[in-house]
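Just below is one structure, and these are the notes that go with it.
The values are calculated or read from the model by the stated rules, or taken from the named source; none is laboratory data. None of these values were measured; they are calculated from a predicted model. FYI the Cβ positions are ideal-geometry reconstructions off the backbone, even for glycines, and counts take in every protein chain you see. The area values use the complete protein model at the heavy-atom level, side chains included, leaving out ligands, DNA and RNA. Shrake-Rupley method; radii C 1.70, N 1.55, O 1.52, S 1.80 Å.
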Amino acid sequence: MASTSSTKAPADAGPQANTMWGGRFTAGPAEAMDAINPSIGFDRRLYAHDIIASKAHCEMLVRQGIVAPQDGEAIRDGLDTILREIEAGSFEFKTALEDIHMNVEARLKELIGEPAGRLHTARSRNDQVATDFRLWVRDAIDRLDTQARALQEALIDQAEAAADLVMPGYTHLQPAQPVTLGHHLMAYTEMFGRDRGRLADARRRMNECPLGAAALAGTSFPIDRDLTARTLGFDRPTANSMDSVADRDFALEVLSAGSILAMHMSRLAEELVMWCNDGFAFVELSDAFTTGSSIMPQKKNPDGAELVRGKAGRVIGALVTLLTVMKGLPMTYGKDMQEDKEPVFDACDTLELSLACLRGMVADMKPNAGNLRAATQKGFLTATDLADWLVRVLGMPFREAHHVTGRLVRAAEEAGCDLADLPLASMQAADARIDERIYDVLTVDRAAASRTSYGGTAPDNVRAAARAARERFL
């Protein structure tokens with residue numbers, strides 16, 4: 001794409017410096033205004049959506065008899081030419097024309113002359129940018145959904161393969177109960193499913209077309225807003241012309257859903273960082289997603305995961321940025337709203353990159369079954385199973401069973417052994433009714449396998465959950 005070129009006119013250039021604004025202005029803008037006012041440096045990304053929306057508007061104007069068919073044909077041909085020029089990198093973006101809308105319109109006039117001026121009939125840049133931006137965000141949601149789906153697929157694949165691999169489950173980052181790695185990974189599958197649901201909800205809510213709201217009050221021309229909405233793939237036109245140009249909820253909703261998605265990715269990335277640490281050594285990442293050290297030759301750093309973790313801040317920051325921009329604006333449009341695009345563009349780019357990187361790491365990781373199992377031998381992970389056995393077999397109230405189990409955990413700590421290694425005599429010292437059957441529940445495999453309640457960690461549950469997740473999400 002061609003680089004931005006400035007055609008700034010000197011401040012004393014007279015009326016020619018403001019041909020965009022007609023006769024109202026006679027002096028050129030201040031130098032600082034020249035720097036702060038243009039948005040073409042970033043809103044050029046809307047070029048395809050601007051041209052698509054302009055063609056839909058033109059088609060409607062012709063059908064309604066507002067623009068002559070021959071002028072409509074010239075406009076459409078000119079817009080097609082501009083699209084080809086931009087995609088070929090030969091289009092000259094001009095800072096003096098401020099934004100993508102005026103750059104396209106000015107080039108259209110160069111190509112077809114007087115008919116170009118008819119395209120802006122019954123619309124304003126206010127409803128034009130609102131439409132273009134909705135179209136871009138809608139496409140971004142679709143891309144994010146595709147990426148999140150791919151991440152879920154990688155998680156499900158790994159979960160099925162790891163359905164039987166026992167590992168510690170943690171609360172407070174302390175060993176709690178035996179789970180399986182497959183169950184752990186399926187938890188993230190559910191998280192990202194909710195993220196996709198939030199994005200889908202935002203897409204449904206935003207799929208209304210502002211085009212035809214004009215500056216803020218609608219138009220006196222006999223336009224057909226239903227036609228332009230259908231042409232652009234919207235469900236319906238927006239219902240209120242003022243809200244149409246004032247609204248940026250659709251962008252805020254995507255940033256909000258994206259912030260939660262980024263937070264979920266950061267949590268998974270943090271676990272990958274921990275799991276790659278020698279203190280855990282639960283999984284290994286290949287060279288594709290790790291880096292070395294410039295001074296320590298033994299290092300293999302999980303930089304991909306660390307960067308995904310770090311980039312969550314950019315996405316959350318984008319949400320705060322746009323909320324702050326919008327919070328004090330009266331109806332309807334203010335130039336402050338030009339600040340809506342950069343945070344959304346950056347956040348969506350960041351989310352797409354993070355999703356692709358995380359998906360690659362999940363698909364790439366190799367679980368270390370031996371280390372996962374070895375970690376279950378610490379922390380008395382079967383203590384809850386012991387308490388449950390006392391309730392189920394001996395009929396103890398759970399609070400009493402909890403107390404007895406606590407005494408047995410203390411006895412094991414003092415003996416320097418696991419619960420399964422305590423002699424029966426030590427068990428019976430806590431409660432004489434305990435017999436040899438207690439040892440059946442003190443292995444981590446049996447403990448995990450016993451959690452057969454819906455949503456539990458039993459390996460058969462994990463396999464069933466993976467099958468169900470494929471149907472729900474993929």
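At a glance:
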{"quantity": "Most positive-pole-ward Cα, 417, 394, 360, against dipole of region 319-469 from beta carbon charges", "calculated": "394"}
{"quantity": "Carbon + sulfur, % of accessible area of the chain - ligands and nucleic acids excluded, 1.4 Å", "calculated": "52"}
{"quantity": "Solvent-free Debye scattering, log10 I(q)/I(0), computed from the Cα coordinates of region 377-473 at q = 0.19, 0.22 Å⁻¹", "calculated": "-0.87, -1.08"}
{"quantity": "Label point distance in nm, residue 366-residue 170, each placed 7 Å from Cα along Cα→Cβ", "calculated": "2.3"}
{"quantity": "Reach of residue 94 by Cα under 17 Å, taken over aspartates and glutamates that are not fewer than 8 positions away in the same chain", "calculated": "31, 34, 43, 50, 85, 105, 110"}
{"quantity": "Karplus-derived HN-Hα couplings along region 220-230 (A = 6.51, B = -1.76, C = 1.60, θ = phi - 60°), whole Hz, x at Gly and Pro", "calculated": "8, 6, x, 7, 10, 6, 4, 5, 5, 4, 5"}
{"quantity": "Neighbour net charge for residue 331 - beta-carbon separation under 15 angstrom, K R +1, D E -1", "calculated": "-2"}
{"quantity": "Residue-averaged [θ]222 nm for the chain, counting only DSSP H segments that reach four residues, each worth -39500 (n - 2.57)", "calculated": "-19500 deg cm²/dmol"}
{"quantity": "Antiparallel bridges, percent of DSSP beta bridges restricted to the chain (to nearest 5)", "calculated": "75"}
{"quantity": "Cα-based helix-to-principal-axis angle, 181-206 vs the chain, degrees rounded to 10", "calculated": "20"}
{"quantity": "Nearest-ten-degree value, helix 69-88 long axis tilted from longest Cα axis of the chain", "calculated": "50"}
{"quantity": "Ratio Rg/Rh, restricted to region 38-119 and using Cα atoms, in which Rh is the Kirkwood radius", "calculated": "0.97"}
{"quantity": "Assigned charges on the beta-carbon of Lys, Arg, Asp, Glu; the chain dipole about Cα centre (debye)", "calculated": "580"}
{"quantity": "Loop-located GluC sites (Glu not before Pro) in region 343-450, at most 10 other Cβ atoms within 10 Å (DSSP)", "calculated": "none"}
{"quantity": "Net charge dipole size for region 38-119 [Lys, Arg +1 and Asp, Glu -1 on Cβ; Debye, nearest 20]", "calculated": "120"}
